[in-house]
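Worksheet: one structure, shown below.
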Amino acid sequence: MCSGGHSWSCNHVREGGMLIDLSRLDAVEIDADAMVAKVGPGVRGNALDALLETQGLFFPVGHCYGVGLGGYLLQGGFGWCSRVLGMACESVLGIDYVDADGTLRHASEHENAEVLWAARGSGPGFFGVVVRFHLRLVRRPPVIGGALAFYPGARFGAIIRWAQSVGSQVPASVELMFVFSRDAAGEAGVMMIAAVFAETEADAMRDLAFLDARPDGALEFKPFKSNSLAVLTEMTMSHYPEGHNHIVDNLWTHASGDALLPALSHILDDAPAVPCHFIWMNWSPKRRRPDMAFSLEDETYIAIYGIWQDPAHENRVATWVEQGIARLQPFSTGIQLADENLARRAAPFMAPENHARLEALRVRHDPDARFHTYAHAGAGR
Ligand SMILES: Cc1cc2nc3c(=O)[nH]c(=O)nc-3n(C[C@H](O)[C@H](O)[C@H](O)COP(=O)(O)OP(=O)(O)OC[C@H]3O[C@@H](n4cnc5c(N)ncnc54)[C@H](O)[C@@H]3O)c2cc1C
């Protein structure tokens with residue numbers, strides 16, 4: 001299935017498989033009184049947000065333009081404000097789906113509940129075609145904005161140590177992320193983004209107060225500024241230019257800054273020029289999760305984005321990503337499916353008991369294996 005076509009690994013293209021293009025299932029119905037939206041899988045997160053904004057409503061959509069809600073919601077959905085609102089899939093109240101027999105069905109907590117359980121986090125391993133999601137909406141946070149800082153590569157070690165040490169105390173309303181890269185001249189740089197979602201500007205400033213103790217040596221610091229989500233998304237998009245090829249991989253960790261530093265320093269030293277980059281994101285989950293397929297997360301998220309245009313650069317970029325992940329592997333507690341690379345590297349993405357339950361459901365709901373399951377390292381795609 002292909003909804004938005006934004007799977008980094010092109011998971012929707014499989015050897016000998018049939019691809020169902022769902023991108024034109026892009027209707028949106030918003031019931032502001034019930035605080036519910038019904039959306040087709042082809043709706044892009046940013047398009048939904050633009051509609052919700054006009055009604056003062058909010059849903060934790062992803063951080064970039066163009067990501068289809070189909071793949072995004074099924075794999076979990078790390079959205080704006082997700083540290084407060086939870087994974088986007090937690091706000092999926094129900095799905096309309098076509099099962100392996102070709103029957104249109106509905107799943108909610110009261111009907112085919114085990115299918116909803118699977119749809120909340122199984123991602124590219126879901127055994128059905130979702131044709132509509134029923135989403136719980138919330139009131140839009142009145143204040144959305146953030147603070148920014150730019151550091152020279154020389155401050156790298158101080159940044160990693162500080163970020164790992166403060167992560168668990170960062171208020172849930174704040175998404176703290178660092179982007180590491182090298183420019184065309186080989187100069188390393190670090191961008192810090194601290195996005196915040198709050199009731200008032202005073203609350204936003206209070207929640208960002210931990211930045212007062214940020215590492216010194218910034219080339220530039222831009223204190224909190226109220227913005228629109230579109231502006232924050234635009235800023236994120238600057239790292240993901242159109243018309244490029246990608247090799248992406250990721251991992252969760254709770255290792256200390258000191259433990260991670262040698263591997264991360266090596267990855268930065270070896271980085272090809274922008275747009276290649278890697279991110280460090282503070283996740284430190286604050287919410288108890290409902291019982292659902294999504295079940296693996298940790299304090300820190302690290303993802304390496306190998307991005308190139310010229311075919312001559314492919315090997316160099318792919319090697320950088322693969323070697324970087326291999327260096328970090330000893331500290332990994334698993335991966336998230338948003339940036340999966342399972343066709344090249346096997347890694348755990350669910351708690352073992354949830355994975356076993358999902359596979360048992362697959363056998364019951366798709367006994368003839370009509371749907372592809374997860375790509376396997378070494379398997380042809
Ligand atoms: C630039 C960029 C930014 C991103 N930012 C974020 C982010 O902020 N947060 C985050 O969580 N993720 C993010 N992602 C990852 C993204 O959410 C996943 O790759 C997701 O799978 C993309 O959904 P899609 O519908 O566009 O992808 P597709 O490639 O269309 O689908 C991916 C897979 O999902 C399954 N699938 C899709 N639609 C359906 C359906 N209707 N029914 C059944 N199965 C289906 C299929 O197995 C398919 O192979 C980003 C990706 C990119 C490229």
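Among the numbered conditions (1) in contact (Cβ under 8 Å) with a residue 12 or more places away in the chain; (2) surrounded by fewer than 16 Cβ atoms within 10 Å (Cβ to Cβ); (3) over 28 Å from residue 9 (Cβ atoms), the only one that residue 202 does not meet is (1). Residues considered: 145, 123. Of these, the only one that is modelled with pLDDT of 95 or more and within 22 Å of residue 355 (Cα to Cα) is 123. Within the range 19-42, being touching a Cys at 6+ places or on another chain (Cβ under 8 Å) and free of Cβ contacts under 8 Å to residues at least 60 places away in the same chain holds for 19, 21, 23.
As a summary of the residue check, residue 217 satisfies the conditions (1) under 19 Å from residue 182 (Cβ atoms); (2) modelled with pLDDT of 95 or more; (3) within 18 Å of the chain's Cα centre (by Cα) except for the one numbered (3). Counting only strands (runs of 3 or more DSSP E) that sit wholly inside the range 1-115, those with at least 2 residues that are within 18 Å of residue 129 (Cα to Cα) and more than 21 Å from the chain's Cα centre (by Cα) are 92-98, 104-108. Scanning the range 220-244 for residues that are among the β-branched types (Val, Ile, Thr) and within 10 Å of the ligand (Cβ to nearest atom) gives 233, 236.
When residue 110 is tested against (1) loosely packed, with under 14 Cβ neighbours inside 10 Å; (2) touching a residue at least 12 places away in the same chain (Cβ under 8 Å); (3) not β-branched (Val, Ile, Thr), only condition (2) is not met. Based on this model, can you work out whether residue 102 counts as within 22 Å of residue 71 (Cα to Cα), in contact with an Asp or Glu (Cβ under 9 Å, 6 or more places away or on another chain) and not assigned by TED's automatic domain parsing to the domain that holds residue 257? Considered against the rule, which asks whether it is within 22 Å of residue 71 (Cα to Cα), in contact with an Asp or Glu (Cβ under 9 Å, 6 or more places away or on another chain) and not assigned by TED's automatic domain parsing to the domain that holds residue 257, residue 102 comes out as no.
It is to be established whether one or more residues within the range 22-37 are of a type outside the set (A, V, I, L, M, F, W, C), surrounded by 24 or more Cβ atoms within 10 Å (Cβ to Cβ), outside the structural domain of residue 252 (by TED's automatic domain parsing) and within 13 Å of the ligand (Cβ to nearest atom). No, that holds for no residue. Put simply, of 251, 261 the only residue that is within 16 Å of the ligand (Cβ to nearest atom) and either outside any helix (DSSP H, G or I) or in the same structural domain as residue 320 (by TED's automatic domain parsing) (or both) is 251.
Residue count for the range 179-204 satisfying the condition of being more than 23 Å from residue 268 (Cβ to Cβ) and over 23 Å from the mean Cα position of the chain (by Cα): 6. Among the residues of the range 335-346, is there at least one that is part of a loop (DSSP other than H, G, I, E, B), in contact with a helix residue (DSSP H, G or I) (Cβ under 6 Å, 6 or more places away or on another chain) and in contact (Cβ under 8 Å) with a residue 40 or more places away in the chain? No, there is no match, as no residue in the range 335-346 is part of a loop (DSSP other than H, G, I, E, B), in contact with a helix residue (DSSP H, G or I) (Cβ under 6 Å, 6 or more places away or on another chain) and in contact (Cβ under 8 Å) with a residue 40 or more places away in the chain.
Note on the range 133-173: residues that are within 21 Å of residue 61 (Cα to Cα) and more than 21 Å from the chain's Cα centre (by Cα) amount to 3.
The values are calculated or read from the model by the stated rules, or taken from the named source; none is laboratory data. Here the structure is a predicted model, which means the values were calculated and not measured. With ideal geometry, Cβ positions are generated from the backbone for all residues, glycine too; neighbour counts draw on all protein chains shown.
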